[in-house]
């Protein structure tokens, strides 16, 4: 004889091994073994959904749809901001012609008003600069192109993204300044930042 026993979320079949019963209907000396168990799930299945009133079902589906639309819109906006903020780095280093086109004019002419000690004036700042600065543009562009192709100048990074965005322009100007200031082949030995308008342009970008 079998009698069903229920415990929490489990359904057990109980096999009677004794013919004696107690008055409160509980079975003495039972040997119970589990044949199946069912666990309640938080997500309703199709049968339980079909048993819900249509208005309640529509409301539940509407809430889920609104939540999914909100999540999708949030992710899309986040990715869009990430793309806008990131500098547009080229897949490979730009060629010399592209670099030349993206380097602005110096804004300073070398050898202006020499003081007889090797120093000249610059309209960028009241401090003097070496009369040899800024460096010859052709020679400078050659060293800039070499640094960009190698990815560094004297161990310093030399990225040169070509995008029109502000972040790319800032990175280009930083690399231009680095090459100019290290122009003579040693770190810090070259033309100072006030030899060109590069630093002024960089500061203007914020």
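Yes or no, residue by residue, for (1) without any contact (Cβ under 8 Å) to a residue 40 or more places away in the chain; (2) part of a helix (DSSP H, G or I):
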{"residue": "138", "(1), (2)": "yes, yes"}
{"residue": "143", "(1), (2)": "no, yes"}
{"residue": "146", "(1), (2)": "yes, yes"}
{"residue": "163", "(1), (2)": "no, no"}
{"residue": "167", "(1), (2)": "no, yes"}
{"residue": "172", "(1), (2)": "no, yes"}
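One line per residue, one yes/no per condition, for (1) modelled with pLDDT under 95; (2) within 23 Å of residue 119 (Cβ to Cβ); (3) surrounded by 14 or more Cβ atoms within 10 Å (Cβ to Cβ):
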| site | (1), (2), (3) |
| --- | --- |
| 148 | no, no, yes |
| 167 | no, no, yes |
| 170 | no, no, yes |
| 182 | no, yes, yes |
| 206 | yes, no, no |
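The values are calculated or read from the model by the stated rules, or taken from the named source; none is laboratory data. On a predicted model such as this, the values are computed, not experimentally measured, just so you know. We place every Cβ from the backbone using ideal geometry, glycine too, and count neighbours over all the protein chains shown.
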